[in-house]
Amino acid sequence: MVDLPGEPSRIDIVGEYIEKSKGIRLLEIGINEGDVICELRQRGMEIDYTGVDINIQNVRKFEGKVIGMDSRDFWKTLTEQDKWDVILIDGDHGYSTVVIDMRESKKHIPVGGFILCHDVGHYPKMSNVDAGSAFCEVFLADKCFSCSLYPGHTDGMAVAERLK
Ligand SMILES: C[S@@+](CC[C@H](N)C(=O)[O-])C[C@H]1O[C@@H](n2cnc3c(N)ncnc32)[C@H](O)[C@@H]1O
């Protein structure tokens, strides 16, 4: 999907939440060409980056760790100690995978960290979009997280902050 002119881009939103988290560790599920990390580095942000994509042929060269793997397998390689301050979920948008990415991401976010989920749509349509219904199912009833939809972003960016 695309960011429309005049609205906060997915990159603006990721940058904002890295600052809010007061950390530097970013995990991106679904890198594509690497626009997010390349643009944030151009803006001068210090970021300890890890990106995962099932197809890394399109990924540009940048400083950071790139893992060519299906995200469903990537989560299995992690231990409890692996944490990121911000996790952007923007890989496979089909329900069966995105719901796994959301569930697994919860294990790797510290208190005060943020999980950002792209392409979730908007209320009330959110529940008709795979990523939106997965977000509602995984996060809304979880008292460890405070959930919101970022305002004015056409594709829909849901934000889950770990509270405890
Ligand atoms: C929408 S693009 C990511 C865009 C990128 N986050 C950005 O903002 O520029 C989705 C990416 O997810 C990757 N992808 C699809 N299924 C995946 C999976 N099961 N595991 C990991 N990556 C996957 C695709 O190869 C594609 O590069």
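Hey, for a label at Asn32 modelled as a point 7 Å past Cα toward Cβ, could you say which residues of the range 104-120 have their backbone N under 14 Å away?
Counting backbone N atoms under 14 Å from the label point, the list is 118-120.
Reported to two decimal places, what Rg/Rh ratio describes the chain when computed on Cα atoms with Rh from the Kirkwood expression?
Looking at the chain, the ratio lands at 0.92.
Run the numbers for Lys107 and Arg43: contour at 0.36 nm per residue of separation, minus the present Cα-Cα distance, in nm.
Difference between extended and current length: 20.1 nm.
Between Glu16 and Ser127, take the C-beta separation as r, use R0 = 25 Å, and let me know the FRET efficiency to the nearest 0.05.
So, using R0 = 25 Å, E works out to roughly 0.45.
When the dipole is taken about the Cα centre of the range 11-162, and only Lys, Arg (+1) and Asp, Glu (-1) are charged at their Cβ, what size is it in debye, to the nearest 20?
Dipole size: approximately 360 debye.
Using only the alpha carbons of the range 16-80, determine the length spanned along each of the three principal axes and report them from longest to shortest in whole angstroms.
Here the Cα extents, ordered largest to smallest, are 30, 30, 16 Å.
Can you return the lysines within cross-link range of Lys76? Criterion is Cα-Cα under 23 Å, with same-chain partners fewer than 8 residues away left out.
Cα-Cα hits under 23 Å: Lys65, Lys106, Lys107.
When the Karplus curve 6.51 cos²θ - 1.76 cosθ + 1.60 is applied with θ = phi - 60°, which whole-Hz ³J(HN,Hα) does each residue of the range 106-116 get, with x for Gly and Pro?
4, 6, 10, 10, x, 4, x, x, 10, 10, 10
If the chain between Ile54 and Ser96 were fully stretched, how many nm would it gain, using 0.36 nm times the residue separation less the Cα-Cα distance?
13.6 nm
Among Val59, Cys144, Ile89, whose Cα sits farthest toward the positive end of the charge dipole of the range 11-162 (+1 at Cβ of Lys/Arg, -1 at Cβ of Asp/Glu, about the Cα centre)?
Cys144
From the phi of every residue in the range 153-164, what ³J(HN,Hα) in whole Hz does the Karplus formula 6.51 cos²θ - 1.76 cosθ + 1.60 yield, where θ is phi - 60° and glycine or proline is x?
Working through the residues one at a time gives 10, 3, 6, x, 10, 8, 10, 10, 9, 6, 9, 7 Hz.
Here, each number is a calculation from the coordinates, and none is a lab measurement. Worth saying up front: this structure is predicted, and the values here are computed from it rather than measured. Virtual Cβ from ideal backbone geometry, glycine too; neighbours counted across all protein chains shown.
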